[in-house]
Structures are given as structure tokens and as C-alpha cells.
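The values are calculated or read from the model by the stated rules, or taken from the named source; none is laboratory data. The structure presented is a predicted model; accordingly, all values stated were derived computationally and were not measured. A quick note on method: Cβ atoms are made from the backbone with ideal geometry, for glycine too, and the neighbour counts reach across all protein chains shown. Quick note on the areas: whole protein, heavy atoms, side chains included, nothing else; ligands and nucleic acids left out. Shrake-Rupley method; radii C 1.70, N 1.55, O 1.52, S 1.80 Å.
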Amino acid sequence: QGQLVESGGGLVQPGGSLRLSCAASGITFISYDMGWYRQAPGNPRELVATIASGGSTNYAGSVKGRFAISRDNAKKTVYLQMASLTPEDTAIYYCSAKLWIREYWGQGTQVTVSS
């Protein structure tokens, strides 16, 4: 019965910034590894960034240095700060929560980078 709700997506110009949020409910948030994934038209879903329950992070090479993932366990929320955005970042961004074989996904939020 875990639920994840993303917010913060929208239209942004190249070079701009955007902050995505993912609010979790129905789970023991501090126990879960959290992540952001994205899917562009015609492409498979790909990992963007993860942050483990202990705080360690991992990033896709394409976003390393531009994106930052963080979590606030008190708010049961994970964030993705996106900077220096390019049209190639355009995709639906999904939030995930994982604990061993248990996995939850959000509904996704659209990010469009265009002039």
C-alpha cells in the first residue's frame, strides 16, 4: 500500500533548473532506498540517480555534476535538483522506493526542456 507522488515537473528553458519532489506514504521511509528514473519517447526507462537508506548516492553518467538527489526522512520526501538542463533531459521522471524485493513507483512527472 505504499504510494509515491511526484511533483515539480514542467517546462523549462535550456540551461535552466528544476527541482522535483517525491512524497512517500504508507511505507517506513527510512528503510527504503529511493531513486529517480526517466523515460523519453522511444527510449527505455533509465536510472537517473539513487540514494540509499544510509544516504549514499549514485548517478547516471549523463547527469553527474548537474543533478543532485537528496532525501528528508522526517518529511518522507526525496528530491532531485536538476541544473544545466538540456533538451536531452526531456522525459517523464519517475520516483521509486525499494526495499529488498519490494518496489513502489510513482505515476511520473513530465519534464520538458525547450526554448
Out of the stretch 61-112, which chymotrypsin sites (Phe, Trp or Tyr not before Pro) are coil in DSSP terms and have no more than 16 other C-beta atoms within 10 Å? W100
Surface per residue (accessible, 1.4 Å probe) for the chain, Å²: 52
Two-site FRET efficiency, S7 against I101, from Cβ-Cβ distance with R₀ of 25 Å, rounded to 0.05: 0.35
Run the numbers for A74 and A40: contour at 0.36 nm per residue of separation, minus the present Cα-Cα distance, in nm. 9.1 nm
Quick one: with all protein chains in place, what share of the accessible area of the stretch 28-115 is carbon or sulfur, to the nearest percent (1.4 Å probe)? 51
Trypsin sites (Lys or Arg not before Pro), restricted to the stretch 1-107: which are DSSP loop and have at most 11 other Cβ atoms within 10 Å? K64
Between S31 and Q81, how high is the FRET efficiency from 1/(1 + (r/R0)^6) when r is the Cβ-Cβ distance and R₀ = 30 Å? Nearest 0.05. 0.80
